[in-house]
Each structure stands twice: as structure tokens, then as C-alpha cells.
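The structure under discussion appears below in the form of C-alpha cells.
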Amino acid sequence: MKDRRNRCPLFVISRCALVLLFLSGFTFSTHRLFFTERYHPNLVASWITSTTEAISTESTAARGISIGEKVLFPDQVMILLKYPPSSPLLTQHEIDCVYSSPNSSRRSSPLSIGGAYLDHQIVRCKLPPRGMIASVSLNAHELLPSGPTHDWKSLAYEAMIDRDNTTVVFVKGLNLRPGKPSNASKFRCVYGSDLSDPKLLLRSEVVSIAQEIVRCKTPSSLLNVPLKNDNSNPIKVSIKINGKGILDSIARPELKASPDPPVSIQHRVCACTMVRNQARFLQEWIMYHARIGVDRWFIYDNNSDDDIENIIESLVNQNYKITRHLWPWIKTQEAGFAHCALRAQDLCEWVAFIDVDEFLYLPSGVRLETLIRNQTSKPDVAELRISCHNFGPSGLKKIPPEGVMVGYKCRLGLPERHKSIVRPEKLNPSLINMVHHFDLKDGFKYVNVDRNLMVINHYKFQVWEVFKEKFYRRVATYVSDWQDEENVGSKDRAPGLGTRAVEPGDWTSRFCEVNDSRLRDWVLKRFSDPDTGLLPWQKEERVL
């Protein structure tokens with residue numbers, strides 16, 4: 001059986017263009033103004049590398065490390081360091097953020113150093129002061145020349161080749177209506193190594209477009225030679241608005257790892273989540289859901305710096321099937337879930353899209369796959385929607401060492417919102433979702449699950465230390481700081497808290513209308529060590 005990677009093609013524009021790419025050896029900058037057909041490359045000014053730094057820059061080049069591209073976010077700049085395949089990743093103490101202008105230069109420590117993102121490493125720095133350019137130096141003296149810079153507000157940032165050979169592109173800045181498909185005829189997809197040169201571009205039809213997701217018909221001429229999964233391919237894809245221009249892009253189409261011909265589904269039930277600094281809860285969440293029937297986990301890491309990679313490695317060593325996918329893009333949970341659905345459709349029959357503070361509870365005690373089978377006896381059911389009960393601090397002032405399921409047992413009386421378990425292959429090709437549920441293909445429907453059969457315990461309002469950390473900068477989908485007078489009525493804000501990050505005097509007793517210890521009692525009965533009384537995730541914490 002041949003792996004699909006051995007036949008899926010490396011993008012080639014034309015014979016002449018391909019020869020030009022290989023003979024020139026150049027990597028073209030893609031820095032241009034939004035909605036302008038032409039652009040001026042973001043050339044590195046001569047003042048960025050001083051005379052005293054020239055030799056050390058050459059030694060850096062000899063190591064094969066360079067700045068690939070940079071993305072300006074509202075509160076920081078993300079710098080992608082490009083590595084040769086055999087080079088070890090840099091550590092925090094080896095890198096400085098450098099801000100340069102013709103007359104001055106200053107340094108600061110990076111905000112964070114990420115792991116391997118395709119063939120890059122993520123470095124996050126403070127935004128450069130006005131008139132300065134951000135770069136990085138190695139070992140306090142090796143300055144890397146600045147790469148092309150892109151504005152996050154208008155950028156094609158990810159792309160994946162789907163199993164039908166369409167290209168799914170994730171795009172910021174189109175400002176489309178949420179939850180609704182848009183008119184695909186107003187857009188075109190473009191492919192090339194230099195997206196500013198019309199002579200080196202291939203254009204193709206947009207199959208569907210909605211929210212931040214564009215599905216393109218991949219030109220047949222690009223499907224001839226193997227496409228590498230290491231992202232060494234220089235071809236990018238972006239979106240052109242008819243009568244306007246081409247968006248900036250750092251999106252290089254990634255081949256989804258899937259067999260050809262397809263094999264039978266490997267996992268009955270999987271789970272997908274997006275986390276940021278939630279490592280402390282991950283062991284409990286995974287160990288519990290493994291017990292009730294989840295087989296595999298997709299963890300989308302949204303800029304964590306809390307040692308999550310070591311927690312995941314420990315769980316993998318215990319034979320939990322987990323993959324961690326770096327997802328550095330801010331406020332793109334819908335896009336991240338769509339990306340996860342694409343990755344899961346060849347591996348999983350059903351995927352639960354839930355957060356790590358949300359636990360599926362089955363009061364009858366049946367296995368999850370049994371409940372799903374009972375609820376989906378009709379072949380046109382492709383999504384289960386599960387109500388969420390929001391739990392409060394339950395009188396606690398400190399993080400419960402036994403975990404959230406045992407520690408918190410008091411909740412609001414009525415459920416709020418829902419989350420879903422879906423059949424990924426039955427999703428609408430537009431991949432429209434509202435985080436809580438997806439749009440389905442025509443002819444398929446969802447079922448609301450009775451709360452006596454399954455409900456989600458959402459430990460949303462925990463002790464103040466946890467609540468403040470989680471919501472301070474992530475309070476609502478379109479609010480970057482809960483002190484902003486924006487979306488004040490959002491359900492993601494704590495009711496009655498307003499815009500002040502100050503602990504109310506009665507916080508420990510809030511959100512407590514019903515004492516609900518059903519899951520707590522079940523966990524203590526099924527998981528407690530008979531000799532020590534410890535739960536498995538408590539034991540693991542002691543080892544770590």
C-alpha cells in the first residue's frame with residue numbers, strides 16, 4: 001500500500017517558472033499593502049547589521065538558522081526562525097529580541113520561545129517601538145537580518161490539502177459574516193512563490209468561502225510530483241478579491257497525513273480541544289475521558305508556556321494516543337476546530353469538540369461509544385449536541401488537589417449552551433462552525449441528547465486564581481482584555497463582574513444553586529487508589 005505522500009504532488013507553476021525558482025535560489029518577500037496588486041519587498045536596511053556583527057551573522061548563516069517571516073499581532077510580534085532539518089531548537093537563554101533603527105538599538109528578553117512549528121521555531125517579542133524593526137540575536141551578539149513582516153489583520157496563515165485534493169486556506173481579514181456562506185464568485189485563489197508577480201501565479205476557482213475558511217480547487221498542474229510534509233515547499237497560497245488585491249500569505253499547503261487508499265477508521269471516538277496554559281488540568285481530563293471511551297486526542301496548543309509538552313509526553317509514554325499541534329493564531333478557535341476536523345476525518349468516526357474544563361458525564365454509567373450508537377441508530381444523524389452545566393467555586397478558596405471533578409460540586413440550576421460530538425466526514429465542506437456546533441452536509445441532522453443520558457460538567461467558574469488567569473485576556477471571543485468596555489453582555493464574562501479584574505467578596509459562594517456531586521461520587525468510586533485514596537492524576541503530579 002503506497003502512502004499518499006508518495007504520489008501527491010509538489011507544486012510547480014510551469015516548467016519555466018520552476019527552472020527560474022531553482023536557478024535563482026531566492027526566497028521572495030511577500031510584504032505588500034493589503035488590497036494592492038503590487039508591493040515593495042521588505043528589504044533589510046543596511047543599518048540592521050553593524051560592522052561588529054557581520055562576522056557573527058555569517059556564523060549564524062553557517063548554522064542554517066534564519067528568520068523566515070514575522071507576523072505583527074496587536075500586542076506582540078511573532079518571529080518564525082527557519083531551521084535546517086538536523087539543527088536542534090534554540091532555548092530561551094540563547095535568544096534576545098532586538099529592536100533596531102538607523103540611530104539606536106535595544107534588546108529585551110523574548111516573551112516566549114515555542115517549539116517546532118513545521119520547519120520553524122516560534123519566538124515572541126514585544127512590539128517594536130515606532131520607527132524600529134524587530135529581529136533576534138543569538139548568544140547575545142549574532143544578529144539575524146530581519147525577514148518579511150506581515151500584518152495579522154490581513155493574512156492567509158494556514159493551508160491544508162484535503163483528501164479530495166482541494167486546498168483549504170485559513171484567512172484573516174476578509175470580514176465575512178459569521179456562520180454564513182459568502183459568494184465564492186467574488187474571490188479567486190492564487191498559488192506561487194512570489195505572489196506579487198502575475199507571471200508566476202496560478203489562479204483557481206473558490207469552491208466555498210465562509211468565516212475565515214476558503215476552499216480552493218487545486219490546479220491540476222500542481223498535482224504532479226510529491227508534496228513534502230516538512231514545509232520546505234516554497235509555494236504559497238492566498239486569496240484575491242476580484243477588483244482588489246491579494247492578501248499577504250505565509251500559508252504553504254500542508255499535506256494531510258492520510259493513507260491512500262483509505263483504511264478503515266482507526267478510532268471510534270476522539271476528542272479535540274484548544275488550550276492555552278491549561279497543562280495542570282490535562283492529565284485529569286485525558287485520564288477520565290479515556291475511562292469512559294475516548295480513544296484519541298488532538299491538542300491544539302494556542303501559545304502555552306506552562307510546560308505542556310512535558311505533560312503530554314508523560315501521557316504518551318503511558319500509551320495515551322495524543323498529538324500536540326501548535327496553533328499560534330489568536331482568537332481563531334473556530335478555524336482551529338475546522339483544521340482539527342480535517343485532520344480527524346480519516347482517523348475518527350466521531351469527534352468531541354470540548355474544552356479541558358468540560359467533562360462528558362453519562363449518569364447511566366454506559367460507555368460513550370454505546371451511548372453514541374444508541375443515539376445515532378438512524379443513518380442521517382451526524383451530530384450530538386450536549387447541554388452544559390456550569391459549576392462554581394463551591395466554597396473553595398484554593399485549587400482542589402484532587403482535581404476539578406471531585407473539588408467542585410455546586411452549579412447553576414439551568415444549563416447554558418451546548419457542545420457537540422460530530423462525524424467529521426459528514427460536515428459541510430465550508431466547515432462553518434460556531435465552536436459549539438458545526439454545519440452539516442445536506443441530508444444530515446443533529447440530535448439533542450437528553451440530560452439524563454449525557455451532560456457536560458463545565459467547571460467554568462473555579463477558584464479566583466484560576467478564573468482570573470483564564471479570563472483576564474480571553475474573556476470573550478472578540479474581547480482582548482476584560483477591562484475593555486466591549487461585549488460587556490457576553491456570556492463568557494462572569495455575570496455581575498463587569499470589567500474589573502477584582503475578586504468579589506462573595507466569589508466562593510457564587511454560581512451555586514444546585515448541589516450536584518454525581519460525577520464526584522462516580523470518580524471517587526472508580527478512580528481512587530484503595531490504599532492511598534489518591535486519584536491517578538494526583539499520583540502523576542507527584543512523579544512530575
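The values are calculated or read from the model by the stated rules, or taken from the named source; none is laboratory data. Computed from a predicted structure; not experimentally measured. Here the Cβ is made from the backbone with ideal geometry for all residues, glycine too, and neighbour counts use every protein chain on show. Surface accessibility is based on the protein's heavy atoms, side chains included, excluding ligands, DNA and RNA. Shrake-Rupley method; radii C 1.70, N 1.55, O 1.52, S 1.80 Å.
Residues V206, V190, V168: which one is open to solvent by less than 20 Å² (accessible area, probe 1.4 Å), in contact (Cβ under 8 Å) with a residue 40 or more places away in the chain, under 24 Å from Q333 (Cα atoms) and out of contact with any Pro (no Cβ under 8 Å at 6 or more places or on another chain)?
Within the list V206, V190, V168, the selection yields V168.
Determine which single condition R215 fails, assuming it passes every other condition in (1) under 15 Å from F170 (Cα atoms); (2) open to solvent by 20 Å² or more (accessible area, probe 1.4 Å).
Failed condition: (2).
Take region 418-432 and flag every residue that is part of a loop (DSSP other than H, G, I, E, B) and surrounded by fewer than 20 Cβ atoms within 10 Å (Cβ to Cβ).
N428, P429
Go over the candidates S420, S480 one by one and state the one that is within 20 Å of the chain's Cα centre (by Cα), polar (S, T, N, Q) and modelled with pLDDT of 95 or more.
It is S420.
So, of the residues in region 249-266 that are modelled with pLDDT under 95 and assigned to a strand (DSSP E or B), which turns out to be surrounded by the fewest Cβ atoms within 10 Å (Cβ to Cβ)?
Step by step, filter region 249-266, then rank; the result is P259.
Checking the conditions here, which among R343, R324 is touching a helix residue (DSSP H, G or I) at 6+ places or on another chain (Cβ under 6 Å) and either buried (at least 18 other Cβ atoms within 10 Å of the Cβ) or over 28 Å from K172 (Cα atoms) (or both)?
R324
Applying the selection to region 161-192, what residues are farther than 15 Å from E212 by Cα and touching a Phe, Trp or Tyr at 6+ places or on another chain (Cβ under 8 Å)?
Passing the criteria: only Y191.
Among the residues of region 287-321 satisfying the criterion of being of a type in the set (V, I, T) and closer than 16 Å to F353 by Cβ, which is surrounded by the most Cβ atoms within 10 Å (Cβ to Cβ)?
My answer is I299.
Looking at region 70-82, is at least one residue outside any strand (DSSP E or B) and either at pLDDT below 85 or aliphatic (A, V, I, L, M) (or both)?
Checking region 70-82: not a single residue is outside any strand (DSSP E or B) and either at pLDDT below 85 or aliphatic (A, V, I, L, M) (or both).
Do you know which residues across region 291-308 are aliphatic (A, V, I, L, M) and part of a loop (DSSP other than H, G, I, E, B)?
Hit for region 291-308 is V294, nothing else.
Test T51 against the criterion of being at pLDDT below 90 and either touching an Asp or Glu at 6+ places or on another chain (Cβ under 7 Å) or not β-branched (V, I, T) (or both), and give yes or no.
No.
Could you grab the pairs with beta carbons closer than 6 Å, sequence gap of 6+ or different chains, first residue in region 389-409 and within 19 Å of I286 (Cβ to Cβ) and touching a residue at least 12 places away in the same chain (Cβ under 8 Å), second one crowded, with 20+ Cβ neighbours inside 10 Å and hydroxyl-bearing (S, T, Y)?
Close Cβ pairs (under 6 Å, with a partner that is crowded, with 20+ Cβ neighbours inside 10 Å and hydroxyl-bearing (S, T, Y)) amount to V404/Y459; Y408/S394; Y408/Y459.
What single numbered condition from (1) crowded, with 21+ Cβ neighbours inside 10 Å; (2) touching a helix residue (DSSP H, G or I) at 6+ places or on another chain (Cβ under 8 Å); (3) among the aliphatic types (A, V, I, L, M) fails to hold for I399?
So I399 meets the others, but not (1).
Looking at (1) touching a His at 6+ places or on another chain (Cβ under 6 Å); (2) outside any strand (DSSP E or B), which is the only condition Y288 fails?
Result: Y288 passes all but (1).
Consider S108 against the criteria (1) closer than 19 Å to P328 by Cα; (2) modelled with pLDDT of 90 or more; (3) among the small types (G, A, S): it satisfies all of them except one. Which criterion is unmet?
Exception for S108: condition (1).
With the structure loaded, tell me whether V502 is closer than 19 Å to H389 by Cβ and of a type in the set (A, V, I, L, M, F, W, C) or whether it fails that test.
So V502 fails the test.
Please report, ordered by residue number, the helices (runs of 4 or more DSSP H) entirely within region 318-417 with at least 1 residues that are closer than 27 Å to Q121 by Cα and hydrophobic (A, V, I, L, M, F, W, C).
333-344
Of the numbered conditions (1) under 30 Å from V207 (Cβ atoms); (2) under 21 Å from the mean Cα position of the chain (by Cα); (3) among the hydrophobic types (A, V, I, L, M, F, W, C), V123 fails exactly one; give the number of that condition.
So the condition that V123 fails would be (1).
So is L176 within 22 Å of the chain's Cα centre (by Cα), open to solvent by 20 Å² or more (accessible area, probe 1.4 Å) and among the aliphatic types (A, V, I, L, M) or not?
yes
Only residues that are among the acidic types (D, E), in a strand (DSSP E or B) and within 24 Å of S87 (Cα to Cα): list them for region 114-157, please.
The answer is E142, and nothing else.
Considering only region 271-282, I want to know if a residue exists there that is in a loop (DSSP other than H, G, I, E, B), without any contact (Cβ under 8 Å) to a residue 40 or more places away in the chain, open to solvent by 10 Å² or more (accessible area, probe 1.4 Å) and charged (D, E, K, R).
Among the residues of region 271-282, not one is in a loop (DSSP other than H, G, I, E, B), without any contact (Cβ under 8 Å) to a residue 40 or more places away in the chain, open to solvent by 10 Å² or more (accessible area, probe 1.4 Å) and charged (D, E, K, R), which makes the answer no.
Any residue at all in region 526-534 that is modelled with pLDDT of 85 or more, touching a Lys or Arg at 6+ places or on another chain (Cβ under 6 Å) and either part of a helix (DSSP H, G or I) or open to solvent by less than 80 Å² (accessible area, probe 1.4 Å) (or both)?
Looking through region 526-534, none of the residues is modelled with pLDDT of 85 or more, touching a Lys or Arg at 6+ places or on another chain (Cβ under 6 Å) and either part of a helix (DSSP H, G or I) or open to solvent by less than 80 Å² (accessible area, probe 1.4 Å) (or both).
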